[in-house]
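Participant: Once you've had a glance at the structure underneath, I'll fire off some questions.
What follows is calculated from the coordinates using simple rules that are stated; it is not laboratory data. The shown structure was predicted, so the numbers you read here are calculated from the model rather than taken from an experiment. So basically every Cβ, Gly included, is an ideal-geometry build from the backbone, and we count neighbours across all protein chains shown.
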Amino acid sequence: MRLPPGAASCCALTFDFDAEEVWLGEDPANADRPGVLSQGTYGARVAVPLILETLRRADVRATFFVPGRVVERHPQRVEAIVAAGHELAHHGYRHVSPTRLSADEEADEFGRGLLALQRFQPVIQGYRSPSWDFSPNTLGILAANRIVYSSNLMDDIRPYRHPNQGVIELPVHWTLDDAPHFWFAADVWSKAIAAPETVAQIWEGELEGIRTLGGACILTMHPQITGRPSRLPLLQRFVERVRAHGDIWLATCGAIAAAVD
């Protein structure tokens, strides 16, 4: 990997902008449950503007993975993301795992999502699957659509190329995702919501380890989760921690993928 001069590792801030679709894609019957969907509506209505302002103040560019139906439902928010200089990337059309689809259905979902995104950013380089799931057809679909990188698998800490298809993988992990720490599940009342200070320790510890090993720290967040008032300082603190090292390249996923040999 060709890192910039002085860089020992790299880091990307990524957001899965799912809005209501994370509930609608999993169960269309949720369309009749405004209380459930309001969790995602908060992401579009309140959290995205707050996150964009936080990123603006920090002068950092991020990558937003957006399902096609969210693009159609909240075009003004997608327009604001692009206007602020951030990267758009593919996150399905509906928020449905590819493993639940036939090969033709998956290809159709991918094409519809791609067309929705290209209205706002003509070149779409990256893909993150709903649920971080791959079917046996996914890599072939990515290659056929000239997708440069995937950010889905957990089998490494360094970017690599998938054999045969040549698609670059930017590895992720649940440790560096906000959902396992903050997501409240109403059907499992015993699940505690972590304090931002606890999550800061977890994320910064993983960042330190990845930096030492020369890997790529891909932080995965969701506007409706990280965009809560008590958690926005966590995002700001993480950016400050990255920059304090002086040898971590903070970039979009697209820029990191372009540096992979």
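Participant: So is GLY40 in contact with an Asp or Glu (Cβ under 7 Å, 6 or more places away or on another chain) and under 24 Å from ARG241 (Cβ atoms) or not?
Facilitator: No.
Participant: With respect to GLU87, determine if the residue is acidic (Asp, Glu) and either out of contact with any strand residue (DSSP E or B) (no Cβ under 9 Å at 6 or more places or on another chain) or surrounded by fewer than 20 Cβ atoms within 10 Å (Cβ to Cβ) (or both).
Facilitator: So GLU87 does not fit the description; no.
Participant: Ok, one more. Taking the condition of being surrounded by 12 or more Cβ atoms within 10 Å (Cβ to Cβ), free of Cβ contacts under 8 Å to residues at least 40 places away in the same chain and part of a helix (DSSP H, G or I), how many residues in the stretch 24-38 meet it?
Facilitator: The total comes to 5.
Participant: Filter the stretch 241-261 down to residues that are touching a residue at least 40 places away in the same chain (Cβ under 8 Å) and under 19 Å from GLU197 (Cβ atoms), then give me how many there are.
Facilitator: 1
Participant: Output the residues belonging to the stretch 66-99 that are closer than 17 Å to ASP133 by Cβ and more than 16 Å from the chain's Cα centre (by Cα).
Facilitator: The answer is PRO98, THR99.
Participant: Ok, one more. Out of curiosity, is SER135 assigned to a helix (DSSP H, G or I), surrounded by 17 or more Cβ atoms within 10 Å (Cβ to Cβ) and not acidic (Asp, Glu)?
Facilitator: no
Participant: Looking at ARG61, is it out of contact with any strand residue (DSSP E or B) (no Cβ under 6 Å at 6 or more places or on another chain) and within 30 Å of ARG161 (Cβ to Cβ)?
Facilitator: Yes; evaluated as a whole, the condition is true for this residue.
Participant: Now for a separate question. Can you tell me how many residues within the stretch 200-232 are surrounded by fewer than 19 Cβ atoms within 10 Å (Cβ to Cβ), among the hydrophobic types (A, V, I, L, M, F, W, C) and without any contact (Cβ under 8 Å) to a residue 40 or more places away in the chain?
Facilitator: The number of residues fulfilling the criteria is 2.
Participant: Sticking with this one: Report, ordered by the first and then the second residue, all pairs with beta carbons closer than 7 Å, sequence separation of six or more or different chains, a first member in the stretch 133-154 that is farther than 14 Å from GLY254 by Cα, and a second member that is surrounded by fewer than 19 Cβ atoms within 10 Å (Cβ to Cβ) and hydroxyl-bearing (Ser, Thr, Tyr).
Facilitator: So the pair list comes out as ASP133/SER97; ASP133/THR99; SER135/THR99.
Participant: Continuing with the same structure: Against the condition over 30 Å from GLU206 (Cα atoms) and either buried (at least 22 other Cβ atoms within 10 Å of the Cβ) or of a type outside the set (Phe, Trp, Tyr) (or both), how does PRO49 come out, does it pass?
Facilitator: Criteria not met by PRO49.
Participant: Looking at the stretch 106-124 only, could you name the residues that are among the hydrophobic types (A, V, I, L, M, F, W, C), surrounded by 14 or more Cβ atoms within 10 Å (Cβ to Cβ) and more than 18 Å from the chain's Cα centre (by Cα)?
Facilitator: Scanning the stretch 106-124 gives a single hit, ALA107.
Participant: Quick test of your reading of the structure: GLY6 fulfils all but one of (1) part of a loop (DSSP other than H, G, I, E, B); (2) touching a strand residue (DSSP E or B) at 6+ places or on another chain (Cβ under 8 Å). Name the failing condition by number.
Facilitator: (2) is the only condition that GLY6 fails.
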